[in-house]
Amino acid sequence: MAEGGSLCFHRAILRGISDEIVEIYAQLEADILQDMARRIARLGKITDATRWQAQLLAETGALKKRVYALLKKYDPAIQKEIRAIYNDALIKNARADNRIFTAALGHGVSDINAQVMLASIQKTLSDLSRLTITTAYTTEQQFVQQANDAYMKVTTGAFDYDSAMKTACDNLARDGITGVQYYNGKPVRRSIEAAVRMNILTGVNQTASAMTMSNCEELGCDLVETTAHIGARPSHAEWQGQIFSLSGTNPKYRPFSVCGLGEPDGICGINCRHSYYPYFEGLEKHYTLKDLDEMESETVEYNGKTYTRYDAEQKLRGIERNVRKYKRQALTQEAAGIDNTAARQKIGEWQAKARELSKQTGIERDHVREFIGTNKAQKKR
C-alpha cells in the first residue's frame, strides 16, 4: 500500500483532529453538570411547597446565567482551536494534492482557497453557536425536570433525600448535557461530545473535499481515488479505495456520483471518515485489490466470538460511552454531596472492559472519548 501525503492527511482526521476542541466542550459539560447537581441538592432540602417554587425559579434563573457565563468563558478558546484545526488540516490537504499534481503535471495550484477556508470556519462557528444556544435551553429543561422529580420523591415519602438526589444525578449523567441539531428539517438530540466531534470532522473533511474538487477542475484532472480504511461502514466499503471519473464520461471508471458526494450518508457526509484525492493514470495507486480485500474481510476475536472490525469498533464505542456515563455519575454525585463509591467502581469495571477488548482485538482505545473534563490524567487509564 502506497503511503502518500494525502493518505497521511486523512489519517490525521481519523486520529483526533478535533480532540482538543472536544476536550474544551467536555470541560464545559462537566462544569454545567456539577452546577446543576449542587442546585438540585439545595432544592431537595426544602419541603415547603411555596418556598420550593420560589427557590426553583431563583435557581433556574441563576443556572441560566451561569451557563451563558460558561459559554462566554470558553468561547475564545473554542474559536482559536477551530481556526487552528482548519488552518493546519487544509494546508496539509493542499500540499498533499500538490504533490500528486506536480508528479503528474510538473506543477500544482498556487495556494489554498482562503475564501473557502474562511467561509467554512464561519459555518462551523455558526453551527456550534446554534448548538450552544440549544444546549442552554435543554440544560434548563433537564434541571427543572430533575428538580421536580426529586422534590416529589422526597415530599411524598417515596424516597429519602439521598436516594432522590442519587436518582437525579444518575439521570443527569445518563446522557450528559445535550443539544439539538437539525437534519433535513428534523430535530436530533445529541450529546455535546458527539455533536462537536461530528461538526468538526465533517466540516473539515467537506472543506478539504471542496478544495480538492476545485483543484481538479482548475488543473483538468477528471480522476480521483477514494481513501480506504479498515472497519468502514458496509455501505462505504463497496466504493472505498477505488478510482472514479468526476465527469462520469471515462468508460474505464465508474462515475464519482455513485459515492454520494453531498449526501448525508455519502462520501464526506456526516461522520464519514473517507475522502478522495487527485489521480492520474500511470501514477501508483494507494491501494491494491489485495489491500482492499484484506480490509473488508478482516475479523477480530473477542471473548470467544468473531466480529468484523467495524462491529468490534462499535462495541468499543459503546464501552467508552459507559465509561463517560459513570464518570458523569461520580462527578454529579460528588457535587451533590452524595457518596459516589459505586459509580467510581463502575468506572473501573468499564475501563477494564475497554482495556481487555483492545488487548484481544488490537483496536486502539480513543481515550478522549472517555474524557469528561476536570482531570486530564483520567484519559490515560
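The values are calculated or read from the model by the stated rules, or taken from the named source; none is laboratory data. The shown structure was predicted, so the numbers you read here are calculated from the model rather than taken from an experiment. A quick note on method: Cβ atoms are made from the backbone with ideal geometry, for glycine too, and the neighbour counts reach across all protein chains shown.
Below is a table of values for the structure above.
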| read-out | value |
| --- | --- |
| Subset of the range 47-64 [in contact (Cβ under 8 Å) with a residue 40 or more places away in the chain, closer than 15 Å to Val144 by Cβ and either in contact with a Ser or Thr (Cβ under 9 Å, 6 or more places away or on another chain) or not acidic (Asp, Glu) (or both)] | Trp52, Leu56, Thr60, Leu63, Lys64 |
| Filtered residue count, the range 301-315, keeping only those that are out of contact with any Asp or Glu (no Cβ under 6 Å at 6 or more places or on another chain) and part of a helix (DSSP H, G or I) | 6 |
| Residue check for Gly203: assigned by TED's automatic domain parsing to the domain that holds Thr47, modelled with pLDDT under 90 and part of a strand (DSSP E or B) | no |
| Search result, residues across the range 47-78 that are touching a helix residue (DSSP H, G or I) at 6+ places or on another chain (Cβ under 9 Å), among the hydroxyl-bearing types (Ser, Thr, Tyr) and over 26 Å from Ala30 (Cβ atoms) | Thr47 |
| Residues (basic (Lys, Arg) and buried (at least 20 other Cβ atoms within 10 Å of the Cβ)) located in the range 15-55 | Arg39 |
| Residues of the range 80-130 satisfying the condition of being β-branched (Val, Ile, Thr) and either within 25 Å of Asp19 (Cα to Cα) or free of Cβ contacts under 8 Å to residues at least 24 places away in the same chain (or both) | Ile82, Ile85, Ile91, Thr102, Ile112, Val116, Ile121, Thr124 |
| Out of Glu238, Glu263, sole residue that is farther than 26 Å from Ala195 by Cβ and not small (Gly, Ala, Ser) | Glu238 |
| Filter result for Glu320 (at pLDDT 90 or above, among the acidic types (Asp, Glu) and surrounded by 17 or more Cβ atoms within 10 Å (Cβ to Cβ)) | yes |
| Filter pass, Leu172 being in contact with a strand residue (DSSP E or B) (Cβ under 7 Å, 6 or more places away or on another chain) and modelled with pLDDT of 85 or more | no |
| Residue, nearest to Thr124 (Cα to Cα), within the range 56-88, restricted to residues that are surrounded by fewer than 16 Cβ atoms within 10 Å (Cβ to Cβ) and hydrophobic (A, V, I, L, M, F, W, C) | Ala84 |
| Test: residue in the range 107-126 that is exposed (fewer than 15 other Cβ atoms within 10 Å of the Cβ), in contact with a Leu (Cβ under 9 Å, 6 or more places away or on another chain) and outside any helix (DSSP H, G or I) | yes |
| Check on Leu219, at pLDDT 90 or above and surrounded by fewer than 20 Cβ atoms within 10 Å (Cβ to Cβ) | yes |
| Flag if Ala377 is crowded, with 20+ Cβ neighbours inside 10 Å, modelled with pLDDT under 95 and small (Gly, Ala, Ser) | no |
| Options Leu56, Leu71, Leu43; residue that is of a type in the set (A, V, I, L, M), part of a helix (DSSP H, G or I), under 30 Å from Tyr161 (Cα atoms) and at pLDDT below 90 | Leu43 |
| Index of the failed condition, Asp149 passing every other in (1) modelled with pLDDT under 85; (2) surrounded by fewer than 21 Cβ atoms within 10 Å (Cβ to Cβ); (3) in the same structural domain as Lys72 (by TED's automatic domain parsing) | (1) |
| Some residue of the range 154-163 being within 16 Å of Tyr25 (Cα to Cα) and either surrounded by fewer than 22 Cβ atoms within 10 Å (Cβ to Cβ) or modelled with pLDDT of 90 or more (or both) | no |
| Neighbours by Cβ (under 9 Å, 6+ apart or cross-chain): first from the range 138-160, closer than 13 Å to Thr47 by Cβ; second acidic (Asp, Glu) | Lys153/Asp160; Val154/Asp160 |
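The rows are residues; the columns are (1) farther than 17 Å from Thr227 by Cα; (2) exposed (fewer than 12 other Cβ atoms within 10 Å of the Cβ); (3) modelled with pLDDT of 90 or more.
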{"position": "Val258", "(1), (2), (3)": "no, no, yes"}
{"position": "Tyr287", "(1), (2), (3)": "no, no, no"}
{"position": "Glu296", "(1), (2), (3)": "no, no, no"}
{"position": "Thr306", "(1), (2), (3)": "yes, yes, yes"}
